[in-house]
Amino acid sequence: MDISKYGKVRPMRSTTEATWDTNNATQASLIHAPAAQDITAWYKYALISLNVVLLVGLVLNLVTAIAYVKSPLLSRGKPVHQLIFNMTIGDGITCLASQPFVLFLYTDAGQRYIVGRKFQCIASMVGMLISFDSAMMALILITCERLFAIHSPLQHMHRVTKKSCRVAILIAWTIILAKNVSLFFMNKWQSGVPCVGITVMTEAYVSYVYNLGLYTMLGSVALLNILLSIVVIVAKRKAGTMSASETMTKSVRRQIKSTRSEMKIVKIVFLAVGVLFLTWIPHNTLANVAQSYVSKQQAPPFGIVVGWHMTRSLAVLGTIADPLIYFLQNSGCHSAVLSLFGRSEAQKQSIYSLDSQTISKAISVVSVESSLHVIDGFCVLYKVTGQMH
């Protein structure tokens with residue numbers, strides 16, 4: 001097949017001049033330049049925008065992760081901080097793991113290096129896929145935790161522990177790794193073809209692993225957040241009704257206070273999910289439009305291809321937005337980051353990051369000690385009175 005009728009393919013080095021099958025030849029027009037226009041002129045802009053986002057995201061997530069480790073949030077904070085820390089680690093991995101794929105796609109040196117190297121090509125794609133899956137899986141975990149916290153705050157206090165959160169995180173990462181490492185066994189890699197998904201992934205992998213996993217996780221994130229919204233609305237109405245009651249007991253007051261405290265982190269979840277969908281939808285939509293042309297043996301319009309490449313940086317913008325959301329919306333994270341830079345006001349706020357169980361234990365210890373002192377006093381008084389009589 002003469003692939004020139006589907007678009008002008010950018011001349012590669014002599015090592016890339018391989019015989020492509022019909023499918024790969026058609027798909028090549030999606031990666032390179034349709035309608036005799038050179039898409040590679042846009043590569044430097046795509047590379048710059050991606051590197052700026054990934055670099056800033058790496059710095060912000062690194063600062064956040066160090067602040068968490070050096071603060072009492074992980075050791076004495078609420079279990080939900082384990083999940084927020086996991087999201088931070090996932091975003092940091094995204095910034096690092098996406099870089100090889102970006103260099104192999106958008107730089108001449110990267111294209112020359114990756115030709116004929118199967119393991120490096122597939123490994124770069126696996127890293128990119130893991131980075132995106134980790135963000136969605138982290139949102140699924142924290143949304144489930146918030147659902148339980150708002151719906152059943154008292155049960156959540158006893159059943160959701162730091163240990164159970166760590167186990168959930170370990171299981172999630174095991175699923176992510178198993179899903180994406182399977183690409184090493186389900187690929188159609190050929191020496192000489194571009195190192196991108198449509199020329200490396202088999203149809204079985206795309207249909208039953210990539211798309212199935214992708215849309216299952218996206219659907220789960222959307223559905224769980226709809227349920228979370230409903231639970232939040234019901235909880236707020238219930239709390240409002242209880243607050244208006246004149247015969248409100250201490251346990252009811254404690255429940256209302258606990259519910260309001262848990263809702264503060266719900267805002268973080270909603271903002272992070274909103275960023276995910278707003279930044280991911282444009283790139284995915286353009287990719288689907290371009291793929292629809294390819295599936296009909298047609299070259300996609302040049303503007304679609306340009307938009308597809310330029311929105312790659314938008315798809316990873318969450319790596320910058322997420323740590324900023326934590327810092328601005330969570331007092332514990334805010335205090336931890338300020339404390340990392342030696343701000344004294346952070347020390348005054350650090351007490352708010354302690355979980356209710358830790359505070360309850362401290363109060364209980366003080367109460368027991370006070371009671372013992374009172375009992376001792378009565379005993380002494382009794383002995384003295386007896387001697388007087």
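On a 22 Å Cα-Cα criterion, which of the cross-link pairs Lys118/Lys179; Lys162/Lys264; Lys78/Lys179; Lys70/Lys179; Lys78/Lys163 come out too long?
Correct reply: Lys78/Lys179; Lys70/Lys179.
Could you tally the net charge around Ser134, taking each other residue with its Cβ under 14 Å from the Cβ of Ser134, Lys/Arg +1 and Asp/Glu -1?
My count for the surroundings of Ser134 gives -2.
Neighbour counts of other C-beta atoms within 10 Å: give me Ser207, Ser331 arranged from fewest to most.
Details: Ser207 11, Ser331 14.
Sorted ascending by nearby Cβ count, the order is Ser207, Ser331.
Every number in this text was worked out from the coordinates using simple rules, so none of it is lab data. Keep in mind the model is a prediction, meaning the values are calculated, not measured. Cβ coordinates were reconstructed from backbone atoms using ideal geometry, including for glycine residues, and neighbour counts include every protein chain displayed.
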